Structure formats: structure tokens, C-alpha cells
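The structure appears below as C-alpha cells.
The values are calculated or read from the model by the stated rules, or taken from the named source; none is laboratory data. Note that the structure is predicted; figures quoted are calculated from it, not measured. As a convention, Cβ positions derive from the backbone with ideal geometry for all residues, glycine included, and neighbour counts pool all protein chains shown. Note: accessible area is taken over every heavy atom of the protein model, side chains too, but ligands, DNA and RNA are not part of it. Shrake-Rupley method; radii C 1.70, N 1.55, O 1.52, S 1.80 Å.
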Amino acid sequence: MKLESQLTEALKKAFLDQYQLSLEEGACPLQLTRKEFEGTFSLAVFPYAKRCNHPPAQMADAIGRWLQTHTALIASYNVIGGFLNLVLQDYIWLSVLKEVLQNPDYGQLPKKDSRVVVEFSCPNTNKPQHLGHLRNNFLGNALANLLQAAGHTVYKVNLINDRGIHICKSMVAYQQFAAGETPEGSGLKGDHLVGKYYVLFDQVYKEQLAAMEKEGLGEAPPVPPILQAAQRMLVAWEQGDPCILALWQKMNGWVYEGFNATYNQLGISFDTVYYESDTYLLGKKVVEEGLQKKVFYRRTDGAVAIDLTAQGLDEKVVLRSDGTAVYITQDLGTADLRYADYRFDKMIYVVGNEQEYHFKVLFSIIHQLGRVYRGGMQHLTYGMIELPDGKMKSREGNVVDADQLIGEMIETVRLYTEQSNKIEGLTAAALQALHHMLAMGALKFFLLRVVPQKKMLFNPKESIDFQGDTGTFIQYTYARICSLERKAMGEACFSLDGYHGPLGSLEQAILFQLYRFPHQIEEAAESYMPSILANYALELAKLYNKFYAAYPIVREANPALRSFRRSLSAAVGTLLKKSMNLLGIDLPEQM
């Protein structure tokens, strides 16, 4: 039983015995004691004082006395202005320490009868991944790990956006200007080469549009020739033109190879990868079904649409007048395919807040189609990342490239570790692995410790600050704990047998953090906020470093106390590693 539950049951008995007040389930809401007061849990007595017609402070003192007399839970208590602050017995915290050290599954919640699909990443094959994709990848991967730890059966899936007008734009530019350029010949990763032509398309488009507007030529609004070529290419692609398909397959092959290299750098993998070039056909079948059910209707221009004004939305086209599919067409087909594959209870789309309207429309259509899985669709929205000079725009090339950023982070780490003189004895290969681990830890933690819905301003200097609230600080703390055990080699393994305290306030604070670990996993999973676990790990690392600075550990003369402090250090290391691994961050044993 949780400590909170034990305390709540004891409090209910105390109120019944002392004041003949019967409290319902959940009627004793405990809160964490404020840091300036002694205690772990607190109860506000004001609501009960009114019902019993007794002064709050007097009631709090009486309840505290009863708990201390009638239970084995309370070591002491204090009353501050009608708040009852409870100090728990040392044996409770020592039992938590034993549980952390002896139970390898500590923090893993009981298995639930729940299947959850988490879709994330979902890059377009017309450009390389950038900083925004990194936040998406890290957030989706961490959420999937947390849900798994919370007892759900989780499937990580990726949907590659490999078709559509945006893909045709890079293909048209390549067709017109590349002169057969290849990744091998250019020295560029395949996704970077294709992205180069996506940017070039936009530049040519703007030049042609400006010229047409200046001369007053063309339609109103004018459609530049290069865009007309992309529109024709999309129609030809959906009609199966062999030349267009061959170009598409060649360029997509380059991009997939580039994506896989990036995913390997990030430590990201998926259970299933879907491709819109497959699912758009399923979406077209859904459109046909919707027409028969009169969920959709055909407009006079030949396009197929749905009227969602009754749901507070607008008319939405699900099939263009030329018969080509739009984004939502393939999303409908993909949803059906996912349910057929996994029979999920929840389907979570990790997509930025710029697509909030899109998912409202998608979920509304799925409801109107009567899909059995309609109640499980959820959109985890997150804020965009902006640069100091504004929003990133891929088509203009104004992005923080993911591969370039990773390389810069690794180089910064290399320079730092060389200056810190903490790398003696490591081989070149070990150093390279360490630099990559620290760089990825810094980057992932920077992007994950912020609440997902919050818009972020990316500041490279902050993300690679090796002091303060960073992933590197946590990695260093773990390496410090590993170093302690190396120093203690040759000494008998630590044991808590025979140690009963007393515990200092700092030791109690650390042990309470250890106790909170399963609760933090549950809260982070239920709220879809990996930031909760990131900040938990940061707080635990800060507390431990205070402890490390205040007390000798392997040099402690008292064997029982030395063994306890080694035990406490090991438990902190264990939960730091578990926490960070759930966030997708590796911890080094030496720094």
C-alpha cells in the first residue's frame, strides 16, 4: 500500500476516534510539506475544524498526537497555522532504499489491459530532419517508453510522408536543374541533397511569381510554370507514370538512407514504419465508403468534401477535383490500417500545434464514419521551436539541421572534455562514444525538460551548458556515483542489515525522491509529459550532490554508516539511470 494510502486510512481513524467525524474516501487530501518546514506530508485541518467546531491548530495537534500514539508511521509532527506536518519513521525510508536496491523492476507499474500506438517523427521525403523533428522524435520516444513503464503495451510507429505535392516540388526541381547529381558525387547525405532541390524549387517559384505579377501575365492569381509542373507530376504519379515513379523511387531511396543514419545517431527505432504512398489508396477507399454513407458529398467541381460546420469546423476537401488525395485522405486510410494491425485502445499522434485544426477535422470525420476506434484517438500537441530571429521554414532553408546540430554538439563536448582533464585512460574509441553520449544527452534533455505544449526558443549556448540544469549535470552525477564504487573495490559489498538510522533531513529528502519514482512515472505517462520525469531526475541529482558534498562516503570510518551511504549512492544511481533511459538518454560510467 502506498504511504499516502496508509496515512489517509490512519487519519480517517483518528478523526473518527477523536471527533466522531466519519470521512469519505479521498476526504483527507495530503500534500507535500513545504520545504521551509519539517515533514514529508501535510494535511490542511481547516475544513474539518469548521465541521467539528474546534480551532484548527488544536485539532491538528490532537490528530498528530493520535497518529504518533496509535500508529508506527509517525516519528514526530508539527503544527503550523492549521497545517499538520508529518515526519515519518526512519524504517519507512530504509525499506524504500532496500526495495530500490533489491527489486530490479522498481518503478515498473503493473501490467494493464491496454494497447497504445504512438505515432511520431513522420518526416517528409523532400528534406532532411531539423531541430523541430528532434523535439518530435525525443518526445514521441520518451512518451512511448513512459507508457510502457506505466503498464501499457506500446507500439512505436512512423509514417513517412513520401507522396504529395510537396514531394513533387523537390522532384521537379531535381528534374529541371540537377543534371544527374547524386549523393555520392555531391558528397551530401541523400536527404540533404533532396532538400537542396526543395529549397531551390521555392526560390524559382518566387522568382517566376514576381515576374508574372510584374508583367501582369497569367491567371489571377498567377500560377508559376514550376508549380504547374509539380501539379502535373502529382497527377502523373497517381496514374502510375513509370518515368515519374522511377525518379520518385530513386530520390526517396536516397532520403531513406539519410533518415536511417539520423535515427541511428538519435537512438530512435520503430516497431512499424508506414508509407503514405501505400495508405493513400486505402484512404481513397474510405472516401468511396463515405460517399455511399452520405458522410461525404461531391461538389460541382468534382472534388469530394465533408461539411463540418455543425462541429464548429469548416468544409473539408478529402479528394481533389483532379482525383488526387490530400493529407487527410491518407490519414483516414492509415488509421484503418493501424487498427487492423494493432486493435489499439489509444492512438496518440505526436504532432506540433500547427496541426491542431487538422486533427480536430480528422477525429470528427472518424466519428462520423462510425469507426469502432473513434474514442481512442488523441493528439499530443507540442509547441514549435523558434530561432532567435524567428520561425524555421524548411522551404527557405532557414532551419537548424539535425545532422549539423548533432555534429556541432559532439565537437563542443570534445573541446569541453579535453579542457576538463576528466578523460585520462580512455581509448580513442571510448572517447568518441563518450562525446556522442554526452552530446545527445545534453540535446535530448534540453528539449524534453520543457512542458510539451510550451513554445521553445532554441538557444544553442543553453543547450550545451555543462553547468546547471542540464542532462550533462545528471550524466556527471551518475559517473560520480560509479567512481565511488570503483574506489570501494576490494571492500565487501554494502549491506543495510543492522542499520536503523538516524537519518538526517537531506538523507530523508533523497529517500523520499526514491519513493516518488513510480509515482512520477505514472504522472508523466498519464499526462503525456516526459518533462515531469526529466525534472524529477534533475532534482534527484541536485539532492545527491548536496549529500556528496556534505558527507564522506567511501572514507566514512563507521562501517555501518559507510555501507548505508554507499547503498544510498547506488540507489540514486539506479534511479537516475532508469529515469534517463526512459527519456532515451544514456549515462556514462566515467567522465
| Looking at (1) surrounded by fewer than 21 Cβ atoms within 10 Å (Cβ to Cβ); (2) in contact (Cβ under 8 Å) with a residue 12 or more places away in the chain; (3) out of contact with any strand residue (DSSP E or B) (no Cβ under 7 Å at 6 or more places or on another chain), can you tell me which one Q129 breaks? | (1)
| task | For the range 68-76, indicate whether the set of residues that are modelled with pLDDT of 95 or more, over 41 Å from the mean Cα position of the chain (by Cα), more than 18 Å from S5 (Cα to Cα) and open to solvent by less than 20 Å² (accessible area, probe 1.4 Å) is non-empty. | result | no
| said: Here is a check on your reading of the model: is S22 out of contact with any strand residue (DSSP E or B) (no Cβ under 6 Å at 6 or more places or on another chain), farther than 20 Å from N78 by Cβ, polar (S, T, N, Q) and not in a helix (DSSP H, G or I)? | reply: yes
| field | From L159, L139, L146, residue being touching a Cys at 6+ places or on another chain (Cβ under 9 Å), of a type outside the set (S, T, N, Q), at pLDDT 95 or above and buried (at least 22 other Cβ atoms within 10 Å of the Cβ) | value | L159
| task | Kindly check whether there is at least one residue in the range 54-62 that is open to solvent by less than 30 Å² (accessible area, probe 1.4 Å) and closer than 28 Å to P518 by Cα. | result | no
| said: Checking the structure you have, find out if any residue of the range 77-84 is in contact (Cβ under 8 Å) with a residue 40 or more places away in the chain, open to solvent by less than 30 Å² (accessible area, probe 1.4 Å) and farther than 30 Å from G267 by Cα. | reply: yes
| Restricting the first residue to the range 165-193 and requiring it to be within 20 Å of D403 (Cβ to Cβ), which pairs with a second residue that is aromatic (F, W, Y) and open to solvent by 40 Å² or more (accessible area, probe 1.4 Å) meet a Cβ separation below 8 Å and a spacing of at least six or different chains? | G190/Y256
| Pick from the range 552-577 the residues that are small (G, A, S) and part of a helix (DSSP H, G or I): which of them is farthest from D497 (Cα to Cα)? | G573
| query | Got at least one residue in the range 547-565 being open to solvent by less than 40 Å² (accessible area, probe 1.4 Å), within 29 Å of P110 (Cβ to Cβ), touching a Leu at 6+ places or on another chain (Cβ under 8 Å) and in contact (Cβ under 8 Å) with a residue 24 or more places away in the chain? | reply | no
| query | Across the range 288-327, which residue is surrounded by the fewest Cβ atoms within 10 Å (Cβ to Cβ) among those that are in contact (Cβ under 8 Å) with a residue 40 or more places away in the chain and closer than 17 Å to G370 by Cβ? | reply | K293
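Table: residues versus (1) crowded, with 21+ Cβ neighbours inside 10 Å; (2) farther than 29 Å from K346 by Cα; (3) more than 37 Å from the chain's Cα centre (by Cα); (4) in contact (Cβ under 8 Å) with a residue 40 or more places away in the chain.
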{"site": "E507", "(1), (2), (3), (4)": "yes, yes, no, yes"}
{"site": "L514", "(1), (2), (3), (4)": "yes, yes, no, yes"}
{"site": "P518", "(1), (2), (3), (4)": "no, no, no, yes"}
{"site": "A537", "(1), (2), (3), (4)": "yes, no, no, yes"}
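Report the residue count in the range 299-326 for those that are in contact with a strand residue (DSSP E or B) (Cβ under 8 Å, 6 or more places away or on another chain) and farther than 24 Å from G240 by Cβ.
8
Per-residue answers, yes or no, for (1) within 37 Å of the chain's Cα centre (by Cα); (2) within 30 Å of L583 (Cβ to Cβ); (3) assigned to a helix (DSSP H, G or I):
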site: L193; (1), (2), (3): yes, no, yes
site: Q203; (1), (2), (3): yes, no, yes
site: L209; (1), (2), (3): no, no, yes
site: Q228; (1), (2), (3): no, no, yes
site: G240; (1), (2), (3): no, no, no
site: M251; (1), (2), (3): yes, no, yes
site: Y256; (1), (2), (3): yes, yes, yes
site: F259; (1), (2), (3): yes, yes, yes
site: F270; (1), (2), (3): yes, yes, no
| note | Filtering the range 97-121 down to residues that are surrounded by fewer than 20 Cβ atoms within 10 Å (Cβ to Cβ) and either in contact (Cβ under 8 Å) with a residue 12 or more places away in the chain or touching a Cys at 6+ places or on another chain (Cβ under 9 Å) (or both) yields K98, L101, Y106, Q108, L109, P110, K111, K112, S114, R115
| request: Only residues that are part of a helix (DSSP H, G or I) and open to solvent by 70 Å² or more (accessible area, probe 1.4 Å): list them for the range 341-368, please. | output: D341, E354, Q355, E356, Y357, K360, H367, Q368
| said: Return the residues of the range 432-452 that are buried (at least 22 other Cβ atoms within 10 Å of the Cβ) and closer than 20 Å to V400 by Cα; say none if nothing qualifies. | reply: L438, A439, M440, G441, A442, L443, K444, F445, F446, L447, L448, P452
| request: Within the range 24-35, identify whether any single residue is open to solvent by less than 10 Å² (accessible area, probe 1.4 Å), under 41 Å from the mean Cα position of the chain (by Cα) and within 15 Å of I80 (Cβ to Cβ), and answer yes or no. | output: no
| said: Pairs needed: first member in the range 413-436, closer than 16 Å to E589 by Cβ; second member anywhere, at pLDDT below 85 and part of a loop (DSSP other than H, G, I, E, B); C-beta distance under 7 Å; at least 6 residues apart or different chains. | reply: T417/I423; K422/M591; L431/I423; L434/L426
| message | If the requirement is being charged (D, E, K, R), modelled with pLDDT under 95 and surrounded by 17 or more Cβ atoms within 10 Å (Cβ to Cβ), which of these qualifies: R395, R371, R338? | response | R395
| remark: Residue hits (the range 334-358; farther than 17 Å from Y528 by Cα and under 19 Å from the mean Cα position of the chain (by Cα)) are E354, Q355
